[in-house]
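Taking it in order: structure first as structure tokens, then the write-up.
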Amino acid sequence: MRYLGTDRTALWLLRGLSRPFLRTTLMPRDVADRLPGRKRPVLYVMEERGLSNLLALEKGCEAAGLRGPLRRIRLGSLTLRRSFLAIERRSGVLRKRPDRRLPGELRDLLTALADDEALELDVIPVAVFWGRAPQKERSWLDLAFSESWALMGPMRRLLSILFNGRATLVRFGEPRPLRGWLEGGGEPSRSARRLLRDLRHEFRQMRLDTLGPELATRRSVTQAVLRSRAVRQAVRQEMRERHCSRREALLNARRLVHEIAADYSHAFIRLMDGLLTWLWTRLYDGVEVHNASRLEGLPAGCEVVYMPCHRSHMDYLLLSWVIYHRGYPVPYVAAGINLNLPVIGRFLRKGGGFFIRRSFRGNGLYPSVFTRYVDVMMSRGHPLEFFIEGGRSRSGRMLPPRTGMLAMTVRSFLRHQRRQVAYVPVYFGYERVFEARTYLDELSGQAKRKESILGLLRSLPSLLGRFGRVQVSFGQPILLGDLLNDRCPGWSQTPLDADARPPWFSVAVDELAGAVVRGINSAAAITPVNLLGIVLLSTPRQAMVEADLARQLEICVRLLDRHPYAEGAVLPAPDGPEMIRAGERLGLLVRQSHPMGDVLRMPEDVAVLSTFYRNNAIHLFALPSLVACAFLNNVTMRGEDVQRLVARVYPFIRQELTLRWEEKQLEGEVEAILLALAGEGLLERDPTGSVWRRSRTGSAEAVQLSLLAQTTVQTLERYYLVISMLLRAGSGRVARDELEQRCVAMASRIAMLYGLETPEFSDRNLFRDFIALLLKRDVLSLDSGGKLTFDEGLARAEVDARMVLSEQIRNSVLQVTHT
């Protein structure tokens, strides 16, 4: 038998020769689980015929345990010598002329199915990408890195194998029954043409999903930005304000575009792929990716905007690396202008980075240029990435969303509406963060260190350490069109000017920002480091007996398993001893031997650092901890009292930690948590079903419940501090800014007196947000002089606090405030 004029002996020889140069990555990653074991015959369909494509397909099938493409297909009386075909061949001496005639095998297969209704066959589209370079050819070297093989026949294929063979991606489509194309009736030849049309569309979509849109040169992007109406108007405004010529204003606009724009290079991406793979192996014990299958469910041809939380400078590199290894185009990443350093800035641009100033004030031209740059990139279909928090979180908590750039993407969608926009939340979980100590210095009041080449060189010795494992978890994508349909019905029927700002725009952007942050929190991937922080920072001296610590860690995992925070949240195995060993390997725990059982404790400096990792996951335990707080001073509680206490505090906790449940869902969630706590033996329900009881004080179960409650006690103590300061000052006696200053001063004093080393305990932003929500919910109001006023409702809140906070905590707060 011959294939492409090459007999099996020559094919076997070529297979052996290409082995050192050919390494395939399969997409989707779980193709080995989706396709094997199918009883029906399988026909692999490729876009273009070629021996190299056949070798890549064969290697991919071998790696996935699938039926090989050179196996025969027997369908009734019809026998095909191989189980694959190509819908496009090339003819002519130089193989440059495309031959798109209907393959005879397809016509024969459809005819066989039409003649015998008992027969069936599955069609699986397969696309092979050599190197995955999206740009057009500009030189012989570009030819070697490009995906288009239309210009040079066998020699081009040989070059591509040599240059790109070890970066080959084989993407399998979903199997579909061939009989589906016969259901419309008609001749088999007509069904075959319909099949070809659908397959060509699917191959185009696979190419777009893998390579992204065609790359435009930096020059063409600059021209597109400068020619836009908004930039032309801004240039005219610049001329009037600065009294300069049109040429000077245009040159200034061009300089701004060059300051902003990326300069993507696929050759650089390939180089960095190898370098980052080595770096992650050197720094981390593994990079674990969760919920990546959510990317496969995105609508075909949609614009993708990745929106991760921001924990570290490593986030930029890590997400691009993960996306590239998952078979998707590398996104264009918005980076702060502070990273536009000599050499480093150029490298970031080559990797798809574009730069944004921290503030748009003081330059009327810059906002228009930057907004139109984002619009041009979105209109061309390039994936984007930016951080919803704006900057890195120093405390480990999610920061309030910054909606400026988010609003730009929404306006771009409203301006074009050619494709759906999908926002993909991404959660990063580090067991050790590269910049952790720097964060603590900044939270303690030290000035932020400016990024510089010298600072980068000074940090290089830190790369000799080990940083544990990294979790990258994708949240549920948010489709902008669907969100607008839910929140703003009829928005698409309202004609909008290119720069219009409809009344519902700000509300929609805020809703979208909240959905993104909640999506990030819902995708949290919990590590042993998070849980060790949650548990040990709840103890007075950050120490526990080993057996007790192991049990408490397991209770935390099982509790989240009984009452999951969200579908996408990822939990470790409930193995307490293994989590303790992981903490010891990372240097978080110190073991002290004792005849009655070893004691594990966190050193003081490690305990302060661990607040960052605890705060990464504190939102998962916030509601269970609030429920447990109701039993700190009460052995028994009626269910309705538990509901009332939690409902009073929940709106403030929800805003601070961006929890996912609406207030109307709270009653059902609290009931579910009570049942989960009962399932762990921490609570009991009386026969009437209306009263809940904890174990007696001093029992193991009571201690475990108390430790769970301590997770949010400091937050409640901060709220109690504000209420106490207001009640002591009296209604209409203190202004908002003055109250914030007093609260920060008192919180820092409490920390000094009682050893509360949590950096965010005296964070002014948290006090400001709490006071703002009190005003929003009409607990407080402002009089004509700007003073805060309140009624007896605030005193009732103080009475409820007595039911939750222990007398010792209340006395410590009151002692400081009275002083």
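The values are calculated or read from the model by the stated rules, or taken from the named source; none is laboratory data. The structure presented is a predicted model; accordingly, all values stated were derived computationally and were not measured. No Cβ is skipped: glycine too gets one built from the backbone with ideal geometry, and neighbour counts run over all protein chains shown. What goes into the accessible areas is simple: the full protein's heavy atoms, side chains included, and nothing from ligands, DNA or RNA. Shrake-Rupley method; radii C 1.70, N 1.55, O 1.52, S 1.80 Å.
Expressed as a whole percent, the accessible area of segment 417-570 that falls on carbon and sulfur atoms is 51 (1.4 Å probe). Along segment 563-574 the Karplus relation, 6.51 cos²θ - 1.76 cosθ + 1.60 evaluated at θ = phi - 60°, assigns HN-Hα couplings of 10, x, 5, 7, 5, x, 5, 10, 10, x, 5, x Hz to successive residues, with x for each Gly and Pro. What the Cα atoms of segment 183-336 give is an Rg and a Dmax of 22.3, 73 Å.
At a 1.4 Å probe radius, carbon and sulfur cover how many percent of the accessible area of segment 214-275? Carbon and sulfur: 49 percent of the exposed surface of segment 214-275. A 1.4 Å probe run over segment 233-316, with the rest of the protein chains in place, finds 47 Å² accessible per residue. In this Cβ point-charge picture (+1 for Lys and Arg, -1 for Asp and Glu), segment 255-302 has a dipole of about 100 debye about its Cα centre.
Thinking of the chain as a set of Cα atoms, what percent of all their pairs are more than 40 Å apart? It works out to 48 percent of all Cα pairs. The heavy atoms of Glu663 present about 90 square angstrom of accessible area, all protein chains included, probe 1.4 Å. Ser784 contributes an accessible area of around 130 Å² to the protein surface, as traced by a 1.4 Å probe with all chains present.
Amide H contacts of Val421 (H built 1.01 Å from N, in plane; Pro and chain starts excluded): Glu303, Leu480, Gly481 sit under 5 Å, all sequence-distant by 5 or more or on other chains. Peptide packing for 231-241, 685-695, 254-264 was compared via the average number of neighbouring C-beta atoms within 10 Å per residue; ordered from the highest value, the list is 254-264, 231-241, 685-695.
Projecting the Cα atoms of Gly362, Ser625, Ser228 onto the charge dipole of the chain, computed from C-beta unit charges around the Cα centre, puts Ser228 farthest toward the positive end. Each part gets one Cα centre, and for segment 222-255 versus segment 258-278 those centres are 30 Å apart.
Max-minus-min Cα coordinates of segment 481-603 on each principal axis give 78, 28, 23 Å, with the largest extent listed first.
Among 562-574, 72-84, sorting by the average number of other beta carbon atoms lying within 10 angstrom of each residue, highest first, gives 562-574, 72-84.
For Ala335, the residues whose amide H sits under 5 Å from its own are Phe354, Phe355, Ile356, ignoring neighbours fewer than 5 places away on the same chain, with H placed 1.01 Å from N. Segment 702-739 and segment 509-539 have Cα centres separated by 23 Å.
Where only DSSP H runs of four or more residues are counted, the chain gives -16000 deg cm²/dmol as its mean residue ellipticity at 222 nm, each run worth -39500 (n - 2.57). The loop-placed trypsin sites (Lys or Arg not before Pro) in segment 264-362, going by DSSP, that have at most 12 neighbouring Cβ atoms within 10 Å of their Cβ come out as Arg358, Arg361.
For segment 36-68, trypsin sites (Lys or Arg not before Pro) are listed when DSSP marks them as loop and at most 14 other Cβ atoms sit within 10 Å of their Cβ; the list is Arg38, Lys39. Taking the three principal axes of the alpha carbon atoms in segment 300-349, the coordinate ranges are 39, 22, 19 Å, sorted in descending order. For segment 599-749, the solvent-accessible area works out to 38 Å² per residue, with a probe of 1.4 Å and every protein chain left in place. Residue ranges 513-523, 795-805 sort as 513-523, 795-805 when ordered by packing (mean number of other C-beta atoms within 10 Å per residue, highest first).
Ignoring aspartates and glutamates fewer than eight residues from Lys787 along the same chain, the ones with Cα atoms less than 20 angstrom from its Cα are Asp737, Glu738, Glu740, Asp769, Asp778. Per-residue 3J(HN,Hα) values for segment 673-682, derived from phi via the Karplus relation 6.51 cos²θ - 1.76 cosθ + 1.60 with θ = phi - 60°, read 5, 4, 5, 5, 5, 5, x, 8, x, 8 Hz in sequence order (x marks Gly and Pro).
Expressed as a whole percent, the accessible area of segment 688-807 that falls on carbon and sulfur atoms is 49 (1.4 Å probe).
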